[in-house]
Amino acid sequence: MNEEEKQKSFDEEEKRIKENISKISHRIAVFSGKGGVGKTTVSVNLAYGLQMDGLSTGLLDADITGPNVAKMLGINNELIVVDSKMIPFEKFGVKMISIASLIESGQPVIWRGPMRSKIISQFLADVEWGELDYLIADLPPGTGDEILTIAQQMKPDYAVVVTTPQEVSVIDAERAINMAKKLEIPFIGVVENMSGFVCPHCSAVIELFGSGGGKKLADDYEVPFLGSIPIDIDARIMGDMGKPIVLEKPESEVSTAFKSILDIMDKHYHNEFQSN
Ligand SMILES: Nc1ncnc2c1ncn2[C@@H]1O[C@H](COP(=O)(O)OP(=O)(O)O)[C@@H](O)[C@H]1O
Ligand SMILES: [Mg+2]
């Protein structure tokens, strides 16, 4: 391809992205400073919380080198492409796209930043998302190329920053908040995950990773604190089984926490109180 052709193909892709995005009312990006803090768990359960409220929802797995969304939904089918459009998977009523469906399980994705960004652009341009109330992007940890691509092309209107309570996670989450601010994402909120563990034997709360780190972080950066999610063995078991806990155990404390987070976000969207 010469320069002119490259530019043309880039412009056409941009046009397809714009067209796709114009049919999606709200776009949420789930950030974290670190891996393993529960980004995918939060992305998946927020998506199903919305779906349970009757809202059409999609999940875009933007964590190209650690794609776990398909696993957490128990999807291992092959991707279907029709007329150069990718048909998103659909599980329990939520649409989903992930690189995991294009690579062999266990194989590393050894791609440089531009390649990872390219596939994200394709997920935005060439996936048949249709009309959606919400699209949630599960981002990779940190502040890499993929996040810039999501910010520029998906244009998220809400950044959910996930942290665990301990300082090493909170310090890295600060970077995520600053990134979301620099990217001018209109709403930014903090979720504290794995905050406290209720002993199944004696019901005492054990603060494995401490508590309050997420709230303090939100206060320090003057962004809203959206809520805390406790550690629940079922959340992990359901994740491994590909069954979101909000669907399987809607009465659990974890599910209640997710619903409350969605309520607060909804209030922000409707300007019922100031976001920051
Ligand atoms: N609140 C929670 N209670 C119990 N296990 C959790 C909770 N949140 C996440 N997990 C588990 O912790 C692990 C890491 O979570 P994950 O969502 O994959 O994090 P990330 O996407 O940030 O790397 C997974 O096995 C997940 O099931
Ligand atoms: Mg993940």
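Values quoted throughout were computed directly from the atomic coordinates according to the rules given, and no laboratory measurement underlies them. Here the structure is a predicted model, which is why all the values come from computation and not from measurement. Neighbour counts run over all protein chains shown; Cβ positions are idealised from the backbone, glycine included.
Would you mind stating whether Lys18 is basic (Lys, Arg), surrounded by fewer than 17 Cβ atoms within 10 Å (Cβ to Cβ), more than 10 Å from ligand 2 (Cβ to nearest atom) and within 16 Å of Ile120 (Cβ to Cβ)?
Considered against the rule, which asks whether it is basic (Lys, Arg), surrounded by fewer than 17 Cβ atoms within 10 Å (Cβ to Cβ), more than 10 Å from ligand 2 (Cβ to nearest atom) and within 16 Å of Ile120 (Cβ to Cβ), Lys18 comes out as yes.
Confirm whether Ser22 is under 28 Å from Lys259 (Cα atoms) and either touching a Ser or Thr at 6+ places or on another chain (Cβ under 9 Å) or touching a residue at least 40 places away in the same chain (Cβ under 8 Å) (or both).
no
Would you tally the residues in the stretch 60-114 being within 20 Å of Phe31 (Cα to Cα) and within 16 Å of ligand 1 (Cβ to nearest atom)?
18
Please enumerate the residues belonging to the stretch 222-262 that are touching a strand residue (DSSP E or B) at 6+ places or on another chain (Cβ under 8 Å) and hydroxyl-bearing (Ser, Thr, Tyr).
Ser228, Ser260, listed by residue number.
Given the conditions (1) away from ligand 1 (no atom under 11 Å from the Cβ); (2) crowded, with 17+ Cβ neighbours inside 10 Å; (3) touching a residue at least 40 places away in the same chain (Cβ under 8 Å), and given that Gly212 satisfies all but one, which numbered condition is not satisfied?
(2) is the only condition that Gly212 fails.
Based on what the data block shows, is Val191 within 21 Å of the chain's Cα centre (by Cα) and either more than 13 Å from ligand 1 (Cβ to nearest atom) or not aromatic (Phe, Trp, Tyr) (or both)?
Spelling it out, Val191 is indeed within 21 Å of the chain's Cα centre (by Cα) and either more than 13 Å from ligand 1 (Cβ to nearest atom) or not aromatic (Phe, Trp, Tyr) (or both).
Does the stretch 63-80 contain at least one residue that is within 21 Å of Glu128 (Cβ to Cβ), surrounded by 22 or more Cβ atoms within 10 Å (Cβ to Cβ) and touching a Gly at 6+ places or on another chain (Cβ under 7 Å)?
Within the stretch 63-80, one or more residues are within 21 Å of Glu128 (Cβ to Cβ), surrounded by 22 or more Cβ atoms within 10 Å (Cβ to Cβ) and touching a Gly at 6+ places or on another chain (Cβ under 7 Å).
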